[in-house]
Amino acid sequence: MRARLGYLRRFSSLPLPASAPLPHLLSLLSRCSTFGHIAQAHAFMIARGLPGDNLLLAKFLHACSSLGFRGHALLAFDRAERPDVYLLNTMIRCLCRTDSAEHAMALFNRIQGAGLRPDTYSFPSVLKAVAHLGMLELGREVHGQITRFGLDADIHVSTALVVMYSDCGEVTDARKLFDGFQLRDVVMWNAMTAGYVKVGDVDSARHVFEQMPKRNVVSWTTVIAGFADATRSDEAITMFRRMQLEDGIEPDEVALLAVLSACANLGALDLGEWIHRFIGKRGLCKTIPLMNALIDMYAKSGNIHKALEVFEDMKQRSVVTWTTVIAGLASHGLGFEALELFHRMEREHVQPNDVTFLAVLSACSHLGLTDLGRLSERG
């Protein structure tokens, strides 16, 4: 933080243009991609006395947060002389799903403490913080405030309540809210479907899904992923095919990951190969989790050579990538190849994890190399 402040001071001392239109500065903020950019923009604002402009400061806080510089966003926010509801809402939204969620709650309380009135943007953000913290009773208190302020008829606020109750494990309360709301949009339907998936009640999730008057890719993906996570792979694949035949919806990355998992469980190589071609056509080959899932699918479907081909074609790999291939080789009885890949992993300075060592131990057991297995376990 000291280094960043020093960086900011250096930029604050640079000569700056006498004036610049506000749209120009907003455009500058939208293009920030490093801390250096953020520091330059902040220095410009300070030199022109612009931090007093809550609208502009809110845009700055959003830019900081989107790049991961929440500490700097808080520093700028704390210096605001008269924060309004819009500025407070922005800061709460920046913090609500992070390890600073409790700070978001404190800022929400500050709204009323300052004599301001929370609005339809305040409550969804603070409910996300509640859900992140898993604080059900606090969520009920916030629900009470929503009712007192007469905002329970707002669809965005009510959807946030459905999500909060579901995330806190109270899907029955979420369903009561859902059933009591007449003008439900696709986002609220999706929230209720996801709520059931979160608690493992995939049948209820599907029941809600089938009643939806309108669906989008999130609707389909939620149910597909739910069936895949419940190891009901046949149903996951059936829903995946329905998505394309009934609605003509193109699958997103989450749906592809889920159905690849289902293909791996069933050994559905034909569909897995179709997904591989789809990934190539859509230019998703740089998406490491998708490529890892492809490797796993090929290995579990009996085509270890294709799994190795995908692995070798990858320009970037994670520890999961290496572990998946090592486990695949071991499961195919290719213990020596698995151990050689593990040594290659070490030579490339990739730190193995516990799952990697389990895969190596499996390879050792196939080869009867118990002593080497003990060494790997200690490593």
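The values are calculated or read from the model by the stated rules, or taken from the named source; none is laboratory data. In this text, all values refer to a predicted model and were calculated from it rather than measured experimentally. A quick note on method: Cβ atoms are made from the backbone with ideal geometry, for glycine too, and the neighbour counts reach across all protein chains shown. Just so you know, the surface numbers come from the protein's heavy atoms only, side chains and all, with ligands and any DNA or RNA stripped out. Shrake-Rupley method; radii C 1.70, N 1.55, O 1.52, S 1.80 Å.
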Probe radius 1.4 Å, ligands and nucleic acids ignored: give me the carbon and sulfur share of the accessible area of region 58-150 as a rounded percent. 47 percent
How high is the FRET efficiency between S33 and L358 when r is their beta carbon distance and R₀ equals 45 Å, given to the nearest 0.05? 0.70
Show the residues, 5+ positions off or on another chain, whose built amide H is closer than 5 Å to the amide H of L334. none
Any chance you could give the angle, 0 to 90 degrees and rounded to 10, that helix 35-47 forms with the longest Cα principal axis of the chain? 0 degrees
Among A80, A293, A268: highest mean-square fluctuation, GNM of the chain, C-alpha pairs under 10 Å: A80
Among [x] 230; [y] 153; [z] 193, the entry matching volume of the Cα convex hull per residue in Å³ as calculated here is [z]
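First select every other residue whose beta carbon is under 13 angstrom from the beta carbon of A236; then total the charges, Lys and Arg +1, Asp and Glu -1. All intermediate terms of the calculation are to be shown ahead of the outcome.
Values: positive: R206, R232, R241, R242; negative: D229, D234, E235.
Residues close to A236 contribute a combined charge of +1.
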Length-normalised contact order for the chain - Cα pairs under 8 Å, 6+ apart - percent: 6 percent
Simple spin-label estimate for D154/T231, 7 Å along Cα→Cβ, in nm, reads 4.4 nm
The answer for the longest stretch of the chain without any exposed GluC sites (Glu not before Pro) (DSSP loop, at most 11 further Cβ atoms within 10 Å) is 82-347
Give the angle, between 0 and 90 degrees and rounded to the nearest 10, that separates the Cα long axis of helix 354-367 from the longest principal axis of the Cα atoms of the chain. 0 degrees
Dimensionless Rg ratio for region 128-176, taking C-alpha atoms and the 2.2 N^0.38 Å reference: 1.02
Per its Cα gyration tensor (rounded if a/c is under 1.5, else prolate when a/b beats b/c, else oblate), region 90-170 is best filed as oblate
Could you give the angle, 0 to 90 degrees to the nearest 10, between helix 335-347's Cα long axis and the longest principal axis of the Cα atoms of the chain? 40 degrees
Note the full-extension length gain between D247 and E312 as 0.36 nm times their separation in residues minus their Cα-Cα distance, in nm to one decimal. 19.8 nm
Whole-number accessible area per residue in Å² for the chain, which is evaluated in the context of all protein chains at 1.4 Å: 50 Å²
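Compute, for the chain, the length of the dipole vector about the Cα centre, with Cβ point charges of +1 (Lys, Arg) and -1 (Asp, Glu) only. Units Debye, rounded to 20. Don't skip to the answer; put the middle values down first.
Values: 39 positive and 40 negative charges, 310 e Å.
Once rounded to the nearest 20, the dipole reads 1500 debye.
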Could you derive backbone 3J(HN,Hα) for region 55-71 from the dihedral phi with the Karplus parameters 6.51, -1.76 and 1.60 (θ = phi - 60°), listing whole Hz in sequence and x where the residue is Gly or Pro? 5, 5, 5, 4, 5, 5, 4, 5, 4, 4, 5, 5, 9, x, 9, 5, x
Can you list residues whose amide H is under 5 Å from G134's amide H, if they're 5+ apart or on another chain and H is modeled 1.01 Å from N? none
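Could you state the orientation-averaged shadow area of the convex hull built on the Cα atoms of region 109-213, in nm² to one decimal? Before the final figure, lay out the partial values.
Details: hull surface 25.2 nm².
Answer in nm², one decimal: 6.3.
From the C-alpha coordinates alone, can you work out the Kirkwood hydrodynamic radius of region 237-379, in Å?
Numbers: mean 1/r = 0.0632 Å⁻¹.
Radius from the Kirkwood sum: 15.8 Å.
Report Rg(Cα)/(2.2 N^0.38 Å) for region 135-289, keeping two decimals. Could you put the intermediate results ahead of the total?
On the way: Rg = 17.4 Å, N = 155, 2.2 N^0.38 = 15.0 Å.
That works out to 1.17 for region 135-289.
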Run a plain Debye calculation on region 28-153 (Cα atoms as equal point scatterers, no solvent) and give log10 I(q)/I(0) at q = 0.09, 0.18 Å⁻¹, rounded to two decimals, same order as the q list. -0.26, -0.92
Note, ³J(HN,Hα) from phi for region 259-274, Karplus 6.51, -1.76, 1.60, rounded to Hz, x at Gly and Pro: 6, 5, 4, 5, 4, 4, 5, 9, x, 7, 5, 4, 5, x, 5, 4
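For V187 and E346, what is the calculated FRET efficiency with R₀ set at 51 Å and r taken between the beta-carbons, to the nearest 0.05?
Numbers: r = 47 Å, r/R0 = 0.92.
It comes to 0.60.
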At most 16 other Cβ atoms within 10 Å and a DSSP loop assignment: could you name the trypsin sites (Lys or Arg not before Pro) in region 155-248 that fit? K214
In whole Hz, with x marking every Gly and Pro, tabulate ³J(HN,Hα) for region 90-100 from phi via Karplus 6.51 cos²θ - 1.76 cosθ + 1.60, θ = phi - 60°. 4, 5, 4, 5, 5, 9, 5, 10, 10, 6, 9
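List the pairs from K128/K198; K128/K176; K59/K128; K128/K286; K281/K306 whose alpha-carbon separation is above 25 Å, in the order I gave them. All intermediate terms of the calculation are to be shown ahead of the outcome.
Details: K128/K198 15 Å; K128/K176 19 Å; K59/K128 21 Å; K128/K286 31 Å; K281/K306 18 Å.
Too far apart for the 25 Å limit: K128/K286.
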